[in-house]
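The values are calculated or read from the model by the stated rules, or taken from the named source; none is laboratory data. For clarity, every value in this text was computed on a predicted model and none was experimentally measured. Quick reminder, even Gly has a Cβ in these numbers, built from the backbone with ideal geometry, and neighbours come from all protein chains shown. Only protein heavy atoms, including side chains, enter the accessible area calculation; ligands, DNA and RNA are left aside. Shrake-Rupley method; radii C 1.70, N 1.55, O 1.52, S 1.80 Å.
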Amino acid sequence: MAANVNMHPRVLSGMRATGRLHLGHYHGVLKNWLKLQHEYECYFFAADWHALTTHYEDPSQIEENVWDMVIDWLAAGVNPGAAKIFIQSQVPEHAELHLLLSMITPLGWLERVPTYKDQQEKLKEKDLSTYGFLGYPLLQSADILIYKAGLVPVGDDQVAHIEITREIARRFNHLYGREAGFEEKAEAAITRLGKKNAQLYRNVRKRYQEAGDHEALDTGRALLEEQHTMSLGDKERLFGYLEGGGRIILPEPQPLLTPASKMPGLDGQKMSKSYGNVVSLRDDKETVERKMRTMPTDPARVRRTDAGDPDKCPVWQFHLLYSAQDVKAWVQSGCRSAGIGCLECKRPVIDAVVQELAPIQERAQSLADDMKTVQSIVADGCMAARDVASETLAEVRQAMGLKYR
Ligand code: TRP
Ligand code: SF4
């Protein structure tokens, strides 16, 4: 675990505002957020600047996409009483941190992030040889570091972005955590731990630095995390001093891998808007019916009398997610013996999806009818986010010699 100045690591995650959400988002990301919001201090935001990096030629959809996305989050159960919900561009501190971090970010680091070339290849119709697109992962780093987030729930396609965030944090701390008189300040901070804790701190620091004892390091970190009355600056010094570096101003985050979504698309590939195989959270009953009735099945079942193999059928993937044991057994034997037809087989999953979506859609509708409430939730979230972000930014400015205010 990376050193974190917070006892309960803050969780931060963002989603690019690219439109309405679908079942893949729900099972892959949102359900995870719903759980995390009760376990941690969570910040979830709409990454509208990140959407601009690829949609700068036609930004007309971005605002609508942001509101649609926020409505879908709330409708799915993200609770503004538990998690802060905000919009990236409404917290301009992200942009200033991005700028300041750009001063210390080697171009090669950004050019080597795999998504840079991959996405340029994939989105050939767009000119992505822009400064903003190259800086995409750095903007993401700023998003994360400005909250000193300890945990960042993401899919595995985003791990490289968390990794570069860690490298940038390390570089920042290395460059700016070495204040004048660091050792003296750290020693003075130790005495403020109280006699017993000071002795424990010195002991574990020695064990870690002389013998590489990682258990000692963990003990030391736990001890520091418990210090609720100590100043932030002293805490950062003692975290850094424990490991033998300078102050840790920007702690390194960890990715929190989203449990691989088993959500298949209507064609059995991963559900994704770009594959055109999605069930949107706001598809009405008729649309869900139509999409799922026309879903491909095992191609071996040309005629009703041909036996099939669920392992070769995307409908089976839906059963795995939605059906109870007895229904699954019915599918297995019915498919393999041609005892059931494919439409018959789809019925329970169509019903399950419709049933799952009904309450979400009901909530989405009442939120869409009451945009004032949605806007005020986001305004509150932005305010809470700015409180934290401006604190970090003040420290960063100070550390970088910009201490005019
Ligand atoms: N790049 C992320 C994605 O495409 C979205 C994102 C932007 C993000 N900033 C972030 C995710 C900060 C986690 C933390 O999914
Ligand atoms: Fe797929 Fe069910 Fe048809 Fe078998 S019976 S091919 S599992 S839809």
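Candidates in the range 221-247 are the residues that are open to solvent by 50 Å² or more (accessible area, probe 1.4 Å) and not in a loop (DSSP other than H, G, I, E, B); of these, the one that is nearest to Glu395 (Cα to Cα) is Leu232.
Tell me, yes or no, whether the range 148-160 has at least one residue that is in a helix (DSSP H, G or I), at pLDDT 95 or above and within 29 Å of the chain's Cα centre (by Cα). Taking every residue of the range 148-160 in turn, at least one turns out to be in a helix (DSSP H, G or I), at pLDDT 95 or above and within 29 Å of the chain's Cα centre (by Cα).
Go through Glu183, Glu163, Glu187 for me and flag whichever is assigned to a helix (DSSP H, G or I), over 14 Å from Lys235 (Cα atoms) and open to solvent by 40 Å² or more (accessible area, probe 1.4 Å). I'd like the intermediate steps shown before the answer.
Values: Glu183 fails: over 14 Å from Lys235 (Cα atoms); Glu187 fails: over 14 Å from Lys235 (Cα atoms).
Within the list Glu183, Glu163, Glu187, the selection yields Glu163.
The set of residues in the range 351-373 that are more than 17 Å from Arg20 (Cβ to Cβ) and not in a helix (DSSP H, G or I) contains only Asp370. One residue alone among Ala83, Ala75, Ala95 is in contact with a Phe, Trp or Tyr (Cβ under 6 Å, 6 or more places away or on another chain) and away from ligand 1 (no atom under 12 Å from the Cβ), and that residue is Ala83.
Please return the ranges of helices (runs of 4 or more DSSP H) entirely within the range 253-337 where 1 or more residues are under 30 Å from Gln119 (Cβ atoms) and touching a residue at least 60 places away in the same chain (Cβ under 8 Å).
On the way: elements: 285-293, 314-322, 325-336.
Answer list for the range 253-337: 314-322.
Taking first residues from the range 175-189 that are within 13 Å of Gly240 (Cα to Cα) and partners that are modelled with pLDDT under 95 and among the hydroxyl-bearing types (Ser, Thr, Tyr), the Cβ contacts under 6 Å between residues at least 6 apart in sequence or on separate chains come to Ala186/Tyr241.
Residues in the range 83-118 that are more than 23 Å from Met400 (Cα to Cα), open to solvent by 60 Å² or more (accessible area, probe 1.4 Å) and in a helix (DSSP H, G or I): Gln90, Glu111, Arg112, Pro114, Lys117, Asp118.
Being surrounded by 13 or more Cβ atoms within 10 Å (Cβ to Cβ), over 29 Å from the mean Cα position of the chain (by Cα) and more than 30 Å from Ile146 (Cα to Cα) is a description that applies to Ala307. Selection of first residues in the range 218-229 that are farther than 17 Å from Ala186 by Cα and of second residues that are assigned to a loop (DSSP other than H, G, I, E, B) and modelled with pLDDT of 95 or more, restricted to Cβ pairs under 9 Å at least 6 apart or on distinct chains, gives an empty result. Screening Asp218 on (1) at pLDDT below 95; (2) in a helix (DSSP H, G or I); (3) open to solvent by less than 40 Å² (accessible area, probe 1.4 Å) shows it passes everything except condition (3).
Of the residues making up the range 119-139, those that are in contact with a helix residue (DSSP H, G or I) (Cβ under 7 Å, 6 or more places away or on another chain), open to solvent by 20 Å² or more (accessible area, probe 1.4 Å) and not aromatic (Phe, Trp, Tyr) are Leu123, Lys126, Gly132, Leu134. Within the set Ala188, Ala169, Ala149, the sole residue that is away from ligand 1 (no atom under 16 Å from the Cβ) and within 27 Å of Arg221 (Cβ to Cβ) turns out to be Ala188. Can you tell me which residue in the range 22-47 is farthest from ligand 1 (Cβ to nearest atom), limited to those that are under 14 Å from Val70 (Cβ atoms) and either open to solvent by less than 20 Å² (accessible area, probe 1.4 Å) or free of Cβ contacts under 8 Å to residues at least 40 places away in the same chain (or both)? Per the criteria, the residue is Leu30. If Ser376 satisfies every condition in (1) near ligand 2 (Cβ under 10 Å from one of its atoms); (2) open to solvent by 20 Å² or more (accessible area, probe 1.4 Å); (3) among the small types (Gly, Ala, Ser) but one, which is the exception? The number of the failed condition is (1). Among residues of the range 279-304 being open to solvent by 50 Å² or more (accessible area, probe 1.4 Å) and within 23 Å of Ser366 (Cα to Cα), the one that is farthest from ligand 2 (Cβ to nearest atom) is Arg282.
Working only within the range 104-140, note down all residues that are β-branched (Val, Ile, Thr) and either farther than 16 Å from Ala51 by Cβ or free of Cβ contacts under 8 Å to residues at least 40 places away in the same chain (or both). Full working, then the answer.
Within the range 104-140, the subset β-branched (Val, Ile, Thr) is 104-105, 113, 115, 130.
Of everything in the range 104-140, those that are β-branched (Val, Ile, Thr) and either farther than 16 Å from Ala51 by Cβ or free of Cβ contacts under 8 Å to residues at least 40 places away in the same chain (or both) turn out to be Ile104, Thr105, Val113.
What's the total number of residues in the range 19-78 that are part of a loop (DSSP other than H, G, I, E, B) and aromatic (Phe, Trp, Tyr)? Explain how you work it out, then say what you get.
Within the range 19-78, the subset part of a loop (DSSP other than H, G, I, E, B) is 19-21, 37-40, 56-58, 77-78.
From what's left, aromatic (Phe, Trp, Tyr): 40, 56.
Number satisfying all stated conditions: 2.
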